[in-house]
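I have placed the structure first, in the form of structure tokens, so that the comments after it can refer back to it.
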Amino acid sequence: MSENPGAIVYAAAMPEGEEPAAELREVARVRVIYGDTDQMGMVYYGNYLRYFEIARNEWLRAAHVPYRAFEEAHGLRLPVVEATVRYRRPARYDDELAILAGIPEVGGASARFVYAIRRVADGELLVEGHTVHACIDDAGKVSRMPAAFRAALSGSAPPPPPARSSGT
């Protein structure tokens, strides 16, 4: 895996008993646009789940298992069946955010992603959380993940992308 010296890497753990520790690696950067903020000038709370989705998709892409290719090749989906977000500090318009992700658990038919969002300017932790995804077929029936996909998810964290921002 290639290394990006500007990437942010953290070991993160939730309180004991909540979820396993995972190495979180920066997988995306986003610049907050006005459309992501609420009347108080802070990122609207639901938008952090969108940022988690960006991280998840970029993590998969960097691990060479893009989500669209997984769907098309196997006829399977990975819907969110659980989501937790812990808000620590607000992000505001024009903040550049580093979105970090890791996968501490991969089961036969599910995977847990963990996330952290930090403000790039000062490194402050703004949000952390996790999502759990079940593997289902087109009929909505739980299905085992293909072995190669499970292996890709269980591997080490993917390399970070080139440093760049999305947004205006």
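The numbers here are math on the coordinates, done by the rules we state, and not lab data. Quick caveat: nothing in here was measured; it's all calculated off a predicted structure. Positions of Cβ are generated from backbone atoms using ideal geometry, with glycine treated the same way; all protein chains shown enter the neighbour counts.
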Give me the strands (runs of 3 or more DSSP E) completely within the stretch 19-130, filtered to those with at least 2 residues that are touching a residue at least 40 places away in the same chain (Cβ under 8 Å) and over 29 Å from residue 145 (Cα atoms), ordered by residue number. 22-31, 96-106
Being more than 30 Å from residue 40 (Cβ to Cβ) and buried (at least 17 other Cβ atoms within 10 Å of the Cβ), is that true of even one residue in the stretch 83-95? no
